[in-house]
1. Under a plain spin-label model, where a point goes 7 Å from the Cα along Cα-to-Cβ, how far apart in nm are R62 and S98?
2. For the pair S178/Q132, report the inter-label distance in nm, with labels modelled 7 Å from Cα in the Cβ direction.
3. Show me the ranking of peptides 44-56, 15-27 by mean Cβ neighbours inside 10 Å, starting with the highest.
4. To the nearest 20 debye, what is the magnitude of the charge dipole of the stretch 1-71 about its Cα centre, counting +1 on the Cβ of each Lys and Arg and -1 on the Cβ of each Asp and Glu?
Amino acid sequence: VLQMGAGFIGCIIMEALAARGVQLTVVEMGDRMVPRMMGPTAGGMIRDWCEKKGVRVFTGTRVEAIEAAPEPGLLGKLASAVGLGSAGHGGALKVRLSSGQSLDADLVLLSACNTATSDGRPDAEAFSGLAQSFLVAGARALLVSHWPVASGAASRLSVATVEGWLGGAPLAASLRQS
């Protein structure tokens, strides 16, 4: 799971997912964790704590592109069928970072409020450029909000949805159950 954002809401979600053993990578464009609330020392301490919990953290890094991963070839499909490859949850994405690194992600979480809000122009699209970029990249599902979300509610919804999905339920069913 790749989480975009390590602000206040993001850290609540991240801690809950890490406590459940989710393999998690976090990308934060600010120079530290919780950049709007913490100074460099406290932000560094939070990063160290997250990394000790097994979370991969990229700060000062932006997501430059999210693309549908190429379909596995015949050998990859055969390996998955006999249990030698990873079947995953389907719809894997390739995420390219501003650091030049490339990550694989089966699921991308946006940890922020108003992730679907248009830019306010009278002729604006229904979704923001951020939400649209995921759909254009081939995402088959997207959970975004058009309103400010309370931190506790956002965390509970996100964590319960990911837990259900990791348990084998389809993403939509996991969201409904959450």
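No lab work stands behind these numbers, since they all come straight from the coordinates. Keep in mind that what you see is a predicted model, and the values were worked out from it rather than measured. Glycine also receives a Cβ, built like all others from the backbone with ideal geometry; neighbour counts cover every protein chain displayed.
1. According to this spin-label approximation, the distance is 0.5 nm.
2. 2.5
3. Details: 44-56: 15.0, 15-27: 18.0.
In descending order of packing, they fall as 15-27, 44-56.
4. Details: 8 positive and 8 negative charges, 62 e Å.
Computed charge dipole of the stretch 1-71: roughly 300 debye.
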